[in-house]
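Where a number appears in this text, it was derived from the coordinates with a stated rule and is not lab data. Source: prediction; values computed, not measured. Heads up, the Cβs are rebuilt from the backbone with ideal geometry, glycines too, and the neighbour counts pull from every protein chain shown.
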Amino acid sequence: MAVTASETLSVSIWRGGEHGRFVAYEVPKRDSQTVLDVVTYVQRRLDASLSYRFACRVGMCGSCAMTVNGRPRWTCRTHVSRVAGDGRLEIAPLRNLPVVKDLSVDMRTFFDKWARAGGAFTPTGSRADGFAAIPPADAKRRNADAGVECIGCGVCYAACDVVAWKADYLGPAALNRAWTLVNDARDGAGAARLLKVAGDAGCHACHSHQACREHCPKHLNPTAAIAGLKRAVAVAALKGDL
Amino acid sequence: MNNPRVETWLWLAQRASAAVLAVAVVVHLAGIIFAVQGGLTAAEVAGRVGGSAAWAAFYGVFVAAAAVHAPIGVRTVLSEMTPMPASWVNAAAALFAVVLLGSGFTAVAAVYRLGPP
């Protein structure tokens, strides 16, 4: 079937590295089409040299995040009809991370910051111990549950203005991860982790703009997690534990 | 600027001083609204707060809280928005605190010396 102008999308895609440029493509509209479908169409049909990253296509792996019409989004679960009412799409790599090529960014800094924020679980038991029985209604468990569904897509990191102007700021995702562990009764890092997340590269740098919460595709609230860290760090300092 | 303990205590000091300022500003604004009801004159101000140990103590606490609160915020703004090295930022914030304390207490003392109410 012939594709008419009204049935095509005008798509601009970032090509090259940090100093690249937008290149225009025409992509046929489809029902239930996602932004990732559009990028995949360009790569498979129009220009095989286009670099981008995806894996699961169902919103679990967190690898396909890009900047779509100026906002960071998970592209596999973003329908074109929701973000491109006028038939125009501008697709760029995520902000705040070095561009490798085209739509692929270098995520190393992002995940290194998870490690710096004490993002690794510190076990207190051994395999000889029984399961930790933590009631679902336990307040700390609820705090952990609220943040634990993070898929590590980097959308919050790209949306955060503090990350943009403060290169060593740990960022919303790493601090959210730390908060889930601070609330994990089985974890033993205690004050050592609080020291890692305190300070002007950590939770105290957050301005509570809530861009992370606004953009998180999983509807998590890293701002609330960071506020929780501020309280936990303050209590530890007042008790002399920090 | 990267000592997490120092940053934590500065954060606590800024929040604690904010709590004091929240009350102090309300009292101050309420005082202004009350004072201007019959027209505002220097004599009226001097008659109301001059020589009053209670008002001097109140504004002394107000000045101290402002001198704690504002320089910590200025320090953050300077470190985030300017390329100044940390030592300059700390010096500028400390100087600002000294200026606020000096000018603030000078004003409090001057009003107190205006005489008994």
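Observations
- For q = 0.12, 0.14 Å⁻¹, Debye-computed log10 I/I(0) when each Cα of region B:4-112 counts as one equal scatterer: -0.52, -0.66
- Average partner coverage of A:196-207, which counts Cβ from other chains inside 10 Å: 5
- In units of the rule-of-thumb radius 2.2 N^0.38 Å, region A:108-238 shows an alpha carbon radius of gyration of 1.02.
- Euclidean distance between Cα centres, region B:42-117 to region A:44-74, Å: 54 Å
- Considering only A:L97, A:L46, A:L194, the Gaussian network model of chain A with Cα springs below 10 Å gives its largest mean-square fluctuation to A:L46.
- Model label zone, B:T82; criterion: amide N under 16 Å from point 7 Å along Cα-to-beta-carbon; scope region B:1-18: B:1
- Residue order, fewest to most surrounding Cβ atoms within 10 angstrom, among A:C56, A:C212: A:C56, A:C212
- Within straight-line cross-link reach of A:K196, lysines at Cα separation under 23 Å, skipping those fewer than 8 residues along the same chain: A:K113, A:K140, A:K166, A:K230, A:K239
- Considering only region A:5-105, percent of DSSP beta bridges that pair antiparallel, nearest 5: 80 percent
- Extent of chain A along its three principal axes (Cα atoms, max minus min coordinate, largest first): 70, 38, 29 Å.
- Average beta carbon contacts from partner chains per residue of A:123-134, 10 Å cutoff: 0
- Region A:4-45 - charge dipole about Cα centre, Lys and Arg +1 at Cβ, Asp and Glu -1, debye rounded to 20: 120 debye
- Taking region B:47-78 and a reference point 7 angstrom along Cα→Cβ of B:L29, the backbone N atoms nearer than 20 Å belong to B:58-67, B:69-70.
- Relative exposure of A:R177, A:R30, A:R231, judged by other C-beta atoms within 10 Å (fewest first): A:R231, A:R30, A:R177
- Rounded to the nearest 20, the size of the Cβ-charge dipole of region A:108-238 about its Cα centre is 120 debye, with Lys and Arg at +1 and Asp and Glu at -1.
- Annotation for region A:138-232: chymotrypsin sites (Phe, Trp or Tyr not before Pro) lying in DSSP loop with at most 13 further Cβ atoms inside 10 Å of their Cβ do not exist.
- Shown for A:D31, A:D37: other C-beta atoms within 10 Å of each C-beta, ranked fewest to most, produce the order A:D31, A:D37.
- For region A:79-114 versus region A:207-242, the gap between their alpha-carbon centres in whole angstrom: 25 Å
- Rounded to the nearest 20 debye, the dipole size of chain A about its Cα centre is 220 debye, using +1 on the Cβ of Lys and Arg and -1 on the Cβ of Asp and Glu.
- For GluC sites (Glu not before Pro), the sites in region A:1-105 that DSSP calls loop and that have at most 11 other Cβ atoms within 10 Å are A:E18.
- Averaged over the residues of B:5-13, the number of partner chain Cβ atoms lying within 10 Å of the residue Cβ comes to 6.
- In this rough spin-label picture, where each label sits 7 Å from Cα along the Cβ direction, the A:L46-B:L12 distance is 5.8 nm.
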